[in-house]
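Enquirer: Okay, handing you the structure first.
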Amino acid sequence: MLREWNRRVNLVSRRDVERVRSYHIPDSLAAERFLPRDCRAADIGSGGGLPGIPLAIARPDCRMYLVESVGKKAEFLAAALDRLRLVNTRVIHSRAEEIPPLACDVVLSRLTGPLRTTLPRLADHCHPDGSIVLFKNPTAAEPLPAGLLRRLALAVADTVDLRLAPGGIPRRFILLRPR
């Protein structure tokens with residue numbers, strides 16, 4: 001379905017569409033370790049539903065919000081949820097900064113924009129006892145802006161480096177928590 005829709009809507013890069021099974025899905029599922037039981041989670045800037053949809057499938061105990069501002073992408077997400085019958089997942093067609101705080105236990109951000117603009121949006125939707133999970137490429141990871149972390153009252157709780165199966169692609173997860 002993602003490949004079919006990707007011909008009309010840029011859900012993943014055109015050159016990357018063949019790596020959905022070998023990279024995008026394993027990358028999404030690698031974040032499952034950060035989802036506590038029965039949590040509320042948000043995938044901000046969900047795009048093609050990665051990581052939100054694979055995580056919602058793997059963790060039916062969790063409530064997943066897919067926040068996407070681009071209409072055609074939100075339309076794809078709604079169609080995918082319908083086709084997959086994912087009752088634990090909801091599409092929110094809006095910009096993250098234009099919706100009331102979601103108060104999620106986990107807020108996910110996979111390969112989105114610059115941290116200076118992304119982090120405040122993510123923090124708005126994080127429960128005071130929750131966490132933010134950033135997906136980063138360890139060789140090109142942008143440094144975390146210390147001043148912004150202080151202003152948002154966030155601290156690095158953990159950094160997890162791993163290699164994704166099957167190709168051994170390196171991935172860094174940065175876990176942020178409110179101070």
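Every number here is computed from the coordinates shown, using simple stated rules; none is lab data. Keep in mind it's a predicted model, so treat the numbers as computed, not measured. Neighbour counts run over all protein chains shown; Cβ positions are idealised from the backbone, glycine included.
Enquirer: Hey, with R₀ at 35 Å, roughly what FRET efficiency would residue 9 and residue 162 work out to, going by the Cβ-Cβ distance, to 0.05?
Expert: Given R0 = 35 Å and the Cβ-Cβ separation, E is 0.70.
Enquirer: Something else now. Return the percentage of antiparallel bridges among DSSP beta bridges fully within the stretch 21-178, rounded to the nearest 5 %.
Expert: That works out to approximately 45 percent antiparallel.
Enquirer: Expressed as cubic angstrom per residue, what is the convex hull volume of the alpha carbon set of the stretch 1-72?
Expert: Per residue, the Cα convex hull of the stretch 1-72 comes to 83 Å³.
Enquirer: Under 5 Å between amide H atoms, partner at least 5 residues away or on a different chain: which partners does residue 104 have, H built in plane at 1.01 Å?
Expert: 126, 127
Enquirer: Just the Cα atoms of the stretch 21-178: what Rg and Dmax do they give in Å?
Expert: 14.6, 44
Enquirer: Rounded to the nearest 0.05, what FRET efficiency is calculated for residue 142 and residue 93 with R0 set to 41 Å and r the Cβ-Cβ distance?
Expert: With a Förster radius of 41 Å, E is 0.90.
Enquirer: Got a sec to turn the phi values of the stretch 122-138 into Karplus ³J(HN,Hα) couplings, 6.51 cos²θ - 1.76 cosθ + 1.60 with θ = phi - 60°, whole Hz, x for Gly and Pro?
Expert: Those phi angles translate into 5, 4, 4, 9, 9, 4, x, 9, x, 8, 10, 10, 9, 9, 9, 8, x Hz.
Enquirer: Sticking with this structure for a sec: Would you tally the net charge around residue 115, using a Cβ to Cβ cut-off of less than 12 Å, leaving residue 115 out, and scoring K and R as +1, D and E as -1?
Expert: Neighbour charge sum, excluding residue 115 itself: +2.
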